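Single-structure report; data block below.
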Amino acid sequence: MRGNGGRGGGAVRQETLREHNLSLIARTVVSAPTPPSRADVATATGLTRATVSRLVTELIEGGLVAEDAPLTAGLAGRPAIPLRPAPGTVGALGLEVNIDYLGARVLDLSGTVLGEATRERDLRGSDPAQVLAELGALGAEAVTTAGGTRLAGTGLALPGLLRGGVLLRAPNLGWTDVTPADLLGAPIPGGRLHLGNEARFAAGAELAAGSGGDSFLYLSGSVGIGAAIVHGGEFFAGEHGWSGELGHVCVDPTGPACRCGATGCLETYAGTAALLSRAGLAEDARTPDLIAALSAGDPDARAAVDAAARALGTAVGAFINLVDVSEVVLGNTFAPLTEHLRPELERELALRVLAAPWAPAQVRASVAGDRPALTGAARAALATVIEDPSAWLASA
C-alpha cells in the first residue's frame with residue numbers, strides 16, 4: 001500500500017509539474033513584448049531547453065502557440081524560430097452592458113478581433129431581462145462572424161457592484177439583484193461566464209496593451225465613472241471586490257443629485273451626460289460633438305471641461321494621497337478628451353497631492369482602443385486557457 005501510494009504520488013507530482021510548466025511557457029509566450037524563441041523562453045522561465053522544446057510542441061499541436069518564420073539574417077548555426085500566440089484557433093466572447101450601448105466582441109489569443117456587434121441606445125432605467133436577452137443575441141451574431149473558432153468562454157462587463165454571479169447594483173442602469181447567466185440565453189458561448197466590473201476589465205485591456213507601466217489608476221469615462229487600481233500588474237479589488245467606485249466619490253456635498261441617491265458625486269460633474277449638458281450641447285450629442293465645440297473655441301464647452309477636470313483632480317488627488325500611484329490613465333470616453341482635460345487636471349493634482357513636488361502624477365490617454373471593456377472581458381475568459389493549458393488540451 002505504502003509503496004504503491006509513493007509511486008502514484010510521484011506520477012501525480014510529475015503531472016502537476018507538467019501542468020505548471022505548460023502554463024509557465026504559455027504565459028511567457030503570450031505576454032512577451034516581441035515573439036520569443038524557444039531559447040528565450042528557456043531563459044525567461046528557467047526551464048531546460050529540452051523541456052521547453054517538448055512542451056512547446058504540445059502547445060503548437062494544441063493550437064495555442066504558432067511559429068513565425070525563422071530568424072536567419074546575420075546569425076550562425078540553427079536559426080531561431082519566434083513563437084507567438086496562435087491566431088484564429090482559440091477565442092473568447094467579450095460582452096458589455098454600458099449606459100448607452102451594448103457590445104459583443106470575439107477575440108483570439110493573438111488579440112485579433114474575429115467578430116463584433118454593437119448597438120447604441122439609452123439603457124438608463126431599462127429592463128434587465130430584455131437587455132440581457134438582446135445582448136445574448138448580439139453575442140451570437142459576433143460568434144457567427146468569428147466562424148469555427150473554438151471558444152474558451154464568455155466575459156461580461158457590467159457597470160456596478162458584483163458578488164459571485166449577481167449584479168448587486170448598477171445605479172445608472174437602475175438594476176439591482178440581477179443574475180445575468182439566467183437572462184443571457186443558453187448556451188453560454190464557451191460554456192463558462194466570467195462576470196467583471198467594466199472599469200476593471202477595461203484596465204485589463206490597458207495592461208495587456210503594455211504601453212505604460214504596470215501600476216496605475218485607470219479611469220473609465222462614460223455616463224458613469226469607474227476606476228480600477230493596478231499595482232505591479234495585479235488588480236487591487238478590496239475586501240469585497242468593490243474598489244474603484246470613483247464616480248460616487250463626493251466632490252461637493254452641496255452639488256447636484258446623483259442617481260445613486262447622494263449629492264455632489266464626481267460623475268455629476270465629469271460623467272459624459274453631465275459634461276455634454278453643461279457644455280450646452282443637444283441631448284443626443286456625443287463626445288466627438290464636444291471635441292468639435294472645444295476646437296471651435298466654444299466657451300461653454302471649455303467651462304464644462306475645465307469644471308470636470310477640477311472635479312476629477314479633487315477625487316483623484318485624494319485617491320493618490322491615500323494609495324500613492326504615479327500614473328493616471330484616462331480611458332473610454334475620457335481618452336479622446338485627454339488633451340483638453342490634462343492641463344486643469346494636472347494643476348489640480350499638483351495642488352492637492354502632498355507628494356506632487358517629488359513625484360508628480362503622470363496623466364495619459366488609454367491605448368487599449370475603442371470600448372476596451374469588451375477586449376478585457378474576452379481576455380478574462382481567454383486567461384483560463386493560458387493559466388491551465390493542460391486542461392484545455394485534454395478537452396480538445
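The values are calculated or read from the model by the stated rules, or taken from the named source; none is laboratory data. This is a predicted model, so every value here is computed, not measured. For neighbour counting, all protein chains shown are included, and Cβ atoms are generated from backbone atoms with ideal geometry for every residue, glycine included.
Structure notes:
- Any chance GLY232 is modelled with pLDDT under 95 and touching a strand residue (DSSP E or B) at 6+ places or on another chain (Cβ under 8 Å): no
- Within segment 257-268, being touching a Gly at 6+ places or on another chain (Cβ under 7 Å) and either farther than 21 Å from ARG286 by Cα or hydroxyl-bearing (Ser, Thr, Tyr) (or both) holds for THR263, GLY264, CYS265, THR268.
- Candidates LEU294, LEU266 - the one that is in contact (Cβ under 8 Å) with a residue 40 or more places away in the chain, closer than 23 Å to PHE235 by Cβ and aliphatic (A, V, I, L, M): LEU266
- Count - residues of segment 278-305 that are touching a His at 6+ places or on another chain (Cβ under 7 Å) and crowded, with 19+ Cβ neighbours inside 10 Å: 1
- Being in contact with a helix residue (DSSP H, G or I) (Cβ under 8 Å, 6 or more places away or on another chain) and not in a strand (DSSP E or B) holds for only one residue in LEU207, LEU195, LEU184, and it is LEU184.
- Members of segment 249-277 found to be surrounded by 19 or more Cβ atoms within 10 Å (Cβ to Cβ) and out of contact with any His (no Cβ under 8 Å at 6 or more places or on another chain), listed by number: VAL249, VAL251, ARG259, THR268, TYR269, ALA270, GLY271, THR272, ALA273, ALA274, LEU275, LEU276
- Among the residues of segment 79-89, those that are out of contact with any helix residue (DSSP H, G or I) (no Cβ under 6 Å at 6 or more places or on another chain) and either free of Cβ contacts under 8 Å to residues at least 60 places away in the same chain or not small (Gly, Ala, Ser) (or both) comprise PRO79, ALA80, ILE81, PRO82, ARG84, ALA86, PRO87, THR89.
The rows are residues; the columns are (1) over 30 Å from ARG259 (Cβ atoms); (2) hydrophobic (A, V, I, L, M, F, W, C).
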residue: GLY115; (1), (2): yes, no
residue: ARG121; (1), (2): no, no
residue: GLY125; (1), (2): no, no
residue: PRO128; (1), (2): no, no
residue: VAL131; (1), (2): no, yes
residue: LEU135; (1), (2): no, yes
residue: GLU141; (1), (2): yes, no
residue: GLY147; (1), (2): yes, no
residue: ARG150; (1), (2): yes, no
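- Subset of segment 24-41 that is polar (S, T, N, Q) and either modelled with pLDDT of 95 or more or more than 20 Å from the chain's Cα centre (by Cα) (or both) - its residue that is nearest to SER390 (Cα to Cα): THR28
- Residue check, THR176 at pLDDT 95 or above, surrounded by fewer than 16 Cβ atoms within 10 Å (Cβ to Cβ), not in a loop (DSSP other than H, G, I, E, B) and not charged (D, E, K, R): yes
- Options ALA368, ALA308, ALA377; residue that is assigned to a loop (DSSP other than H, G, I, E, B) and either at pLDDT 95 or above or surrounded by 15 or more Cβ atoms within 10 Å (Cβ to Cβ) (or both): ALA368
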